[in-house]
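Student: Dumping the structure here so I can ask a few things about it.
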Amino acid sequence: MAVVTAAVLAFAGLMAAAPANAADPWIAQQDGGYLRIAVPNAAVEAAVGPVSQVVVEGNFGPSHNWAQIGLQRSGANWTATYGPFEPGLYYYQVTGDDSKVLKDTSNPTSVASEPEWSTFFIPGESAALLADAPQEAGVVQTLTYQSSVAGEERQALVWVPPTYKAKGKKLPVLYLQHGGGQSYRDWVEVGRAEQILDNLWLAGQLEDMLVVMGNGNVDDFSAELLDNIVPAVERTYNVSPSKQQRALAGLSMGGGQTFEVFSEHPGSFGAIGTFGAGRFGALDDRAVDRMNARTGLFRVYVGNKTDIAYNDVYDSLQKFDAIGLDYQFDGVNPDAGHNWNAWQENLIDFAPRLFTGEASDPAMSEGHTALTERFEPPAAGTTPTPWLTADDFVTFETTTDFADAEYVSVWANWAPGGSWLRVEMTKVGDRWRATVGPLEEKFYHYRLIVDRQAVKDTSNPTKVTSEPAWSTFLVPGEGSRLLADVPQGQGGNLEVMTYQSTVAAQERSAYVWTPPGYDPARAEPYPLFVLNHGGGQSWTDWVEVGRARQILDNLSLDGAIEPMVVVMPNGNVGDYPRELLENVVPVTEERYNVSSDPLDRALAGLSAGGARTVSVLKAHPGEFAWIGTFAAGFGATAGVDVAAINEGTELYRLYTGDITDFTYGSVMSSLPVLDQLGIEYEFNGVTIGPHGWDVWQQNLIDLAPRLFRDGGE
């Protein structure tokens, strides 16, 4: 006899329930989807022993796939600030030294099938259906029943709508299955099924129905479902006995089990849904006529190319067409892989189609695309890496040098805003591979992490002088147009200027970009823009990572900037103002047709280069009329000649990344100081992103067109 537990399951996200030690959550949400992470080293060592590396890994990556946020040791904690993350549910664990996993003990949420996981929910309009319902709606109850297949007492979760009555109208039922390695609780603890069903019902988009989430971890699922779970539900609840008033759906393994029941017992369920599943076995001997005749809806779902079911679903759809099996295909979800983000969307699409008395609209979900071919990366060792598809998925592959490695990942600036995230690679023969995407159209820098050591991808010929382990690649498109190479012969010229530094007492080099059509004999000298790198960087960085050449070329061809000469010098020197004014500028004036008028000079820099820029502004106001600082505050105010700065400066424009930029506080605290001093400046808000090249490229793109023009516009 089945027993139903009256108590409603408690399920609260990080925002809804305070951790045991509310003062010290390991992950604290900030406004706008940002996370501040502080994992106590003492907690790590108590759980797994001493470690040299700690990451928080979860569904943070492109397509919401599993990825790692690397933490830095800061005092007693391992810390990071990341974001902005999209609204939705996130699940994660803390891991030390690649394999030592621990639970976030400050977060009371849990996932029964993954004891080390915790969850948190970031609210927002795009995840409104995943949020706790705004008013009382359905309840989730526990159904206990005896399994003759498993030979034990088992449990299922049952979502019951507000209109359910023990007597009266008998309600239809959706049986909703979990995936491999999961439990009957996953759809509630990670899938947000309770919230989805509540919100759909309150919005009038869901028919009155029960949703049963059973335990599919059994050898003979068809028998478990038909002989145990369904009878237990029909004995315990006031539900319809009609097979057409039953629906069955499942994700991954559960989707395979769903199809097995569909094909072996046609008509036992009036509607069928498979989420991220395509391994359905031999199909030629299926009772297709009966499956078609007795089933009102069979709808297939799949994620994008990172979904492990992608090719299986393609193959199955071809076979369905060949044998004449009727189905609807929801299309390829472009934004999610084989993960809960995809399966949540699948439930949101599938459940409202059920028990309406009307034919289901066969159209794909908005933004989904046809599945026209298998995804087949090139054979191992046959192509340079990274290998980029036309729709912005990238496959990385190592050489055979790491065949004996235990753990390999690729770490790149593909987190929100351009922060770094690590994606695990998989051993394929004697190489390691990973496919990531779809990626934003922009410029990427990355490195391999092999058994916790940074390694250069030697298959990629690109280099970054100041970061020997880095490689780079561009995802082309309109979003990255200003970062792309211009047609040969149409851009400016890039040269290396070598000079003797009296300050550093050595020969030094600088990159010099001259505009298209540069005329060394032009009567009117060209304006001069000196662009500085940051701390720990090199005079080559603005070209090798900052894409300054491409930015300047494209802006020039667009007619967006004044023709100018841009010098990118070596700022690694003790007295930068002297180096600039006694060496860099005089040598540039000697070798290039540039103006000596301060009104035709601009100076900008990122991070430490921004601080160097400010040092020149303070010590030599008026030497450069155009000033830009990227991720650098104003600093000390002693001895500052405000009048000279204002009189000699046409534009002083400050930039900063968001709260993930460690200089954010310095820049923001500088603004009221500048106001108090009376220094004239411009600041147009933060640039979304961290202390990194994505932000600084945008800063250059914004600043360069403002230079040498009236009013800085």
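Student: Within 10 Å, count the other beta carbons around each residue, average over each peptide in 261-270, 293-302, and list them highest first.
Tutor: 293-302, 261-270
Student: If you take the C-alpha gyration tensor of the range 136-191, multiply each eigenvalue by 5 and take the square root, what semi-axes do you get, largest first, in whole Å?
Tutor: Semi-axis lengths for the range 136-191 are 23, 16, 10 Å.
Student: Could you state the principal axis extents of the C-alpha atoms in the range 482-712, from the largest down, to the nearest angstrom?
Tutor: For the range 482-712, the Cα extents along the three principal axes come out at 47, 36, 35 Å.
Student: Using Cβ counts within 10 Å as a stand-in for footprinting exposure, how do ASP597, ASP404, ASP694 rank, fewest first?
Tutor: Listed from fewest to most nearby Cβ atoms, that is ASP404, ASP597, ASP694.
Student: Okay, moving on. Relative contact order of the range 622-713, please, whole-number percent, based on alpha carbon pairs below 8 angstrom and at least 6 residues apart.
Tutor: 32 percent
Student: Taking only Cα atoms of the chain, what ratio of Rg to Rh do you get with Rh as the Kirkwood inverse-distance radius?
Tutor: 1.06
Student: I would also like to ask the following. Give the relative contact order (percent, whole number) for the chain; include only Cα pairs under 8 Å separated by 6+ residues.
Tutor: 8 percent
Student: Tell me the mean residue ellipticity at 222 nm calculated for the chain from its helices only (DSSP H runs of n ≥ 4, each -39500 (n - 2.57), averaged over every residue, nearest 500).
Tutor: The helix contribution divided over the chain gives -5500 deg cm²/dmol.
Student: Where a Cα-Cα gap under 20 Å defines reach, which lysines qualify for LYS456, not counting those fewer than 8 residues away within the same chain?
Tutor: Correct list for LYS456: LYS427.
Student: For the residues MET497, MET364, MET209, what sequence is obtained by ranking on other C-beta atoms within 10 Å, fewest first?
Tutor: In increasing order of surrounding Cβ atoms, one gets MET364, MET497, MET209.
Student: Using the Kirkwood formula over every pair of different C-alpha atoms, what hydrodynamic radius in Å results for the range 27-126?
Tutor: Evaluated on the range 27-126, it is 13.8 Å.
Student: Further question: Taking the range 437-511, how much of its Cα-Cα pair set, in percent, is spaced more than 21 angstrom apart?
Tutor: Of the Cα pairs, 54 percent sit more than 21 Å apart.
Student: Next question, about the same structure. With only alpha-carbon atoms in the gyration tensor, what are the semi-axes of the equivalent ellipsoid for the range 387-476, in Å, largest first?
Tutor: 20, 15, 12
Student: Can you bin every Cα-Cα distance in the range 282-438 into 10 Å intervals starting at zero and give me the percent of pairs per bin, rounded to whole numbers?
Tutor: Per 10 Å bin, starting at 0, the Cα pair percentages come out as 9, 31, 30, 18, 10, 2, 0.
Student: In percent, what relative contact order does the range 132-353 have, based on Cα pairs under 8 Å that are 6 or more apart in sequence?
Tutor: Answer for the range 132-353 is 18 percent.
Student: For TYR681, TYR92, what ranking results if the residue with the fewest other Cβ atoms within 10 Å of its Cβ goes first?
Tutor: With the fewest neighbours first, TYR681, TYR92 line up as TYR681, TYR92.
Student: Turning to a different aspect of this structure: According to the Kirkwood expression over distinct Cα-Cα pairs, how big is the hydrodynamic radius of the range 427-472, in Å?
Tutor: Evaluated over the range 427-472, this radius sits at 12.1 Å.
Student: Ignoring solvent entirely, what values of log10 I(q)/I(0) come out of the Debye formula for the range 167-299 at 0.13, 0.15, 0.22 Å⁻¹ when each Cα is a single scatterer?
Tutor: Listed by q, the Debye log ratios stand at -0.53, -0.72, -1.50.
Student: For the range 381-439, which GluC sites (Glu not before Pro) are in a loop by DSSP, counting at most 12 other Cβ atoms within 10 Å?
Tutor: GLU406
Student: Per Stokes-Einstein, at 10 °C and 1.306 mPa s, what whole-number D in µm² s⁻¹ belongs to the range 132-353, with the Kirkwood radius over Cα pairs as the hydrodynamic radius?
Tutor: Diffusion coefficient, whole number: 91 µm²/s.
Student: If I take the Cα coordinates of the range 108-217 and project them onto the principal axes, what are the three extents in Å, biggest first?
Tutor: Result, largest extent first: 43, 42, 21 Å.
Student: So what are the three principal axis dimensions of the range 218-288 from its Cα atoms, in whole Å, longest to shortest?
Tutor: Sorted largest first, the three principal extents are 37, 24, 19 Å.
Each reported figure results from applying straightforward, stated rules to the coordinates on display, with no laboratory input. Keep in mind it's a predicted model, so treat the numbers as computed, not measured. Virtual Cβ from ideal backbone geometry, glycine too; neighbours counted across all protein chains shown.
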